[in-house]
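The structure under discussion appears below in the form of structure tokens.
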Amino acid sequence: MPSDVKVLLEDRHIPKFWYNILADLPWPLPPVIHPATRKPVSPEDLLPLFPESLIAQEGSQERWVPIPEEVRGAYALWRPTPLYRARRLEKLLDTPARIYFKYEACSPTGSHKPNTAVAQAFFNRVAGVRRLTTETGAGQWGSALAFACRLFELACKVYMVKVSYQQKPYRRVLMESWGAQVVPSPSPDTDFGRKVLAQDPEHPGSLGIAISEAVEDAASREDTKYSLGSVLNHVLLHQTVIGEEARLQMEMVGEYPDVVVGCVGGGSNFAGLAFPFLRDRLAGKSTTRFIAVEPTACPSLTHGEYAYDFGDTAGRTPLLKMHTLGHQFVPPRIHAGGLRYHGMAPLVSLLVAQNVVEARAVPQRATFDAALTFAHAAGFIPAPETAHAIRVVIDEALAAKEAGQRRCILFNFSGHGLLDLQAYEEHLSGTLQDWFFSKPVAPGAKTEAAAGSECA
């Protein structure tokens, strides 16, 4: 029987299938477009970057995709993850709301990211790939892929956004401890990196630039493929182990969420928790609200245009229909490095465009206020990215108090902040800045670093 604080599952409850929301969407997902032909991409177009197995998952219409036993065996290092009832937070807020969170920080890397990193490393190894390249912002994704590549004996090179490389040195150490090579992006290791540095040697970097470098690297070597930590369908698919476990755990305590909340940068941790519950909403079996939370400094969902755009700054990737601030947008130096991406997952973008998912943007200082409130009540120190979700959870709980409603709120605690303490130090000392996006940037528009943003 579950306790009144946490709900635990056994190893046998590790999901055997990933849930594919494409099978249940009542609207077609706009196709991915080849940048040269302006026609939908074919599987062959993607082979220089991804193995056939992941390309098949990207376009699959099957509702349930089997999880290989070797991947489930790796998952067993940290899965199933606990579901917590945040009773002390409820008491602190004096709210009638019931607050639950899925604790993904107990993975070896401290976040939800290994759910897809392990899967991608496995499928690449089976395909005979020997080396993977990737980008990372805050370092959560880079750490996850470094860990996964070590499990499956693959070489790994990580292009880490320079501002995060400087802010979070221990993330780099973590990646290097698993054997990955980590360089700050923009770097002198690629043609595009050298081009950016020639224009601005002090460029802070962006996820779009780091993606361009990782893609260029992968495309230049036959033994190498590219691995992405968010945005694409197959990445969101792998993360649904979170929501599938949470559904079972909520059932065990006789609850069903009225509100599901997650932070969004590319969309993977939000989708991982939300999509299995969205299955009921799309079937007309629930009225659950879904809230995707982003920073005011990089608000692609709330201020971006829903249009076709490149996933990277150099324009080397296929064109995706997504909410975007423009692929050359460079966000400010906020500490939530994982939320500093100009675009959004096409699946999440479609659901926002169809008014199934709500989008909300919150500023940096209010986010860290919420993080400290949560830490005081629940004990756990959240990552800056996770703190964005917590900000809205607290707001929803207080709204429930004002309305006198006993709503059930579920959110994804996507990662811990134990390697993000510089951000907490700045907040506690009063030097942390707020950044607000002031105007949309059309796809393809040239911008200066932090253009369209204002510091307070």
(request) Sort VAL129, VAL393 so that the residue with the fewest other Cβ atoms within 10 Å of its own Cβ comes first and the one with the most comes last. (result) VAL129, VAL393
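DSSP H helices in the chain with Cα extent of 27 Å or more along the helix axis and mean Kyte-Doolittle hydropathy at least 0.0?
In the chain, the long hydrophobic H runs are 384-403.
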(message) Test of the criteria: in region 41-73, which GluC sites (Glu not before Pro) are in a DSSP loop and have at most 16 other Cβ atoms within 10 angstrom of their Cβ?
(response) GLU62
(message) With +1 on the Cβ of every Lys and Arg and -1 on the Cβ of every Asp and Glu, and nothing else charged, how large is the dipole of region 320-390 about its Cα centre, in debye rounded to the nearest 20?
(response) 180
(message) Would the chain count as rounded, prolate or oblate if I go by the C-alpha gyration tensor, calling it rounded below 1.5 in a/c and otherwise prolate when a/b exceeds b/c, oblate otherwise?
(response) rounded
(message) Nearest 5 percent is fine: what portion of the DSSP beta bridges confined to the chain is antiparallel?
(response) 40
(message) List the residues, sorted by chain then number, that are 5 or more residues from ILE99 or on another chain and whose placed amide H is less than 5 Å from its amide H.
(response) ALA86, ILE409
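With a cut-off of at most 16 other beta carbons within 10 Å, and DSSP calling the residue loop, which GluC sites (Glu not before Pro) in region 152-260 qualify? Please list them. Before the final figure, lay out each step's value.
Numbers: sites: GLU153, GLU176, GLU202, GLU213, GLU216, GLU222, GLU244, GLU245, GLU251, GLU255; in loops: GLU153, GLU202, GLU222, GLU255.
When the GluC sites (Glu not before Pro) of region 152-260 are filtered for loop state and at most 16 Cβ neighbours within 10 Å, GLU153, GLU202, GLU222, GLU255 remain.
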(request) State, as an integer percentage, the relative contact order of the chain based on alpha-carbon contacts under 8 Å between residues 6 or more apart. (result) 19
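Quick one: CYS298, CYS156, fewest Cβ neighbours within 10 Å first, how do they rank?
Fewest-to-most Cβ neighbours within 10 Å comes out as CYS156, CYS298.
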(message) Charges on Cβ only, +1 for Lys and Arg, -1 for Asp and Glu, centred on the Cα centroid of region 1-123; of HIS112, PRO26, LEU54, which one is farthest towards the dipole's positive end?
(response) HIS112
(request) List the lysines whose Cα lies under 29 Å from the Cα of LYS401, skipping any in the same chain that are fewer than 8 positions away. (result) LYS6, LYS91, LYS102, LYS285
(request) Over the residues of region 1-86, compute the C-alpha Rg and express it relative to 2.2 N^0.38 Å. (result) 1.53
(message) Quick check: from the Cα gyration tensor, does region 231-332 come out rounded (a/c under 1.5), prolate or oblate?
(response) prolate
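What order do you get for LYS168, LYS401, LYS39, LYS321 when you list them from fewest to most C-beta neighbours inside 10 Å?
LYS39, LYS401, LYS321, LYS168
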(message) Restricting to DSSP loop positions (anything but H, G, I, E, B) with no more than 14 other Cβ atoms inside 10 Å of their own Cβ, which trypsin sites (Lys or Arg not before Pro) remain in region 100-194?
(response) ARG130
(message) Through the Karplus equation 6.51 cos²θ - 1.76 cosθ + 1.60, θ set to phi - 60°, convert the phi angles of region 317-326 into ³J(HN,Hα) values in whole Hz; use x for Gly and Pro.
(response) 8, x, 8, 10, 7, 7, 6, 9, 9, x
(request) Rounding to the nearest 20 debye, state how big the charge dipole of the chain is about its Cα centre with +1 on each Lys and Arg Cβ and -1 on each Asp and Glu Cβ. (result) 480
(message) Between region 167-209 and region 236-263, how far is it from one alpha carbon centroid to the other, in angstrom?
(response) 35
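Quick note: the coordinates plus some simple rules give every number you see, no bench work behind them. Keep in mind the model is a prediction, meaning the values are calculated, not measured. Heads up, the Cβs are rebuilt from the backbone with ideal geometry, glycines too, and the neighbour counts pull from every protein chain shown.
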